[in-house]
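Worksheet: one structure, shown below.
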Amino acid sequence: MEKRELLAVAESPIFKNIDINQLNRILTSHQPIIKWFKKGETVWFQSQVLDKLIIVIDGKLKAQMASDDGKIINMEEFGKYQPVAIPVLFSKNQKLPVTLFAKEDSQVFLLPKEMLLSCCMANQDILENTLSVMSTKVDFLSKKINFLQLNNIKQKIATILLQESKKVNSKSFILSKTKEELSKEMAVTRPSLSREFKNLITQGIIKQDKEYITILDYTLLKEYR
């Protein structure tokens, strides 16, 4: 591994607080794979067995799920230093429930599962970090499933707007995703999403000024959730 790649991997929560020289010795003995993927290229296919730890060194990956009726649902994005699908790696069948793409030209670190287990056995901090990442990810997936089970578009929009407001601790904010990205995440058409946004504006629940959204009636918006 080059020094730049080693420093990037050291920033991952899996290897948090591990001395860089010690990490270099550990990884050198386990021979990880460093690989580049061009924008749009598939990193891992849906239902393919995930047998390697994946960490993003550079660029960004996105996970999409194809539903039984053919709809494409955006599940998650992974930026620099983030590990991918740790709970799946340690699940019984290890089949990735999403297809993983390179959202932009990306470099990834790949370490076989058995090598990661060896690292965990050799270093307690790596073990604790891995368990912590798994716990956090399970909580995220639980919230994601609850979101996808919401019955209508208005409920989903209300949930997203309340989450965005909470992030910045303000009733006025800029959406972190485009409406095109939101429509894919919700598995709805862009016109349907835009129509519901207009309804919320007409009802005086939110106001939109270019890219800025302002929640005018916080209580009513919470009732839609």
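Here is a yes/no grid of residues against (1) within 12 Å of ILE57 (Cα to Cα); (2) touching a helix residue (DSSP H, G or I) at 6+ places or on another chain (Cβ under 7 Å); (3) not assigned by TED's automatic domain parsing to the domain that holds GLU41:
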residue	(1), (2), (3)
GLY79	yes, no, no
ILE86	no, yes, no
LEU89	no, yes, no
GLN94	no, yes, no
LEU100	no, no, no
GLU104	no, no, no
LEU110	yes, no, no
ALA122	no, yes, no
ASP125	no, no, no
Report summary line: Per the filter on region 204-225, residues free of Cβ contacts under 8 Å to residues at least 40 places away in the same chain, within 18 Å of GLN155 (Cβ to Cβ) and surrounded by 12 or more Cβ atoms within 10 Å (Cβ to Cβ) are ILE205, ASP217, LEU220
**Report entry** First in region 155-167 and outside any helix (DSSP H, G or I), second anywhere and surrounded by 19 or more Cβ atoms within 10 Å (Cβ to Cβ), Cβ under 6 Å, 6 or more apart
**Finding:** none
**Report entry** Selection within region 1-25 - in contact with a helix residue (DSSP H, G or I) (Cβ under 9 Å, 6 or more places away or on another chain), surrounded by 14 or more Cβ atoms within 10 Å (Cβ to Cβ) and within 20 Å of SER132 (Cα to Cα)
**Finding:** VAL9, ALA10, SER12, PRO13, ILE14, PHE15, LYS16, ILE18, LEU23
**Report entry** Test result for ASN152, loosely packed, with under 14 Cβ neighbours inside 10 Å, modelled with pLDDT under 90 and not aliphatic (A, V, I, L, M)
**Finding:** yes
Report summary line: Counting only residues in region 31-48 that are part of a strand (DSSP E or B) and surrounded by fewer than 14 Cβ atoms within 10 Å (Cβ to Cβ), the one farthest from the chain's Cα centre (by Cα) is identified as ILE33
Query raised in the report: Would you say SER172 is touching a residue at least 24 places away in the same chain (Cβ under 8 Å) and over 21 Å from ASN74 (Cβ atoms)?
Result: yes
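The values are calculated or read from the model by the stated rules, or taken from the named source; none is laboratory data. Only a predicted model underlies this, so the values are computations on that prediction, with no experimental measurement involved. Ideal geometry is used to build each Cβ from the backbone, glycine not excepted, and the neighbour counts take in all protein chains shown.
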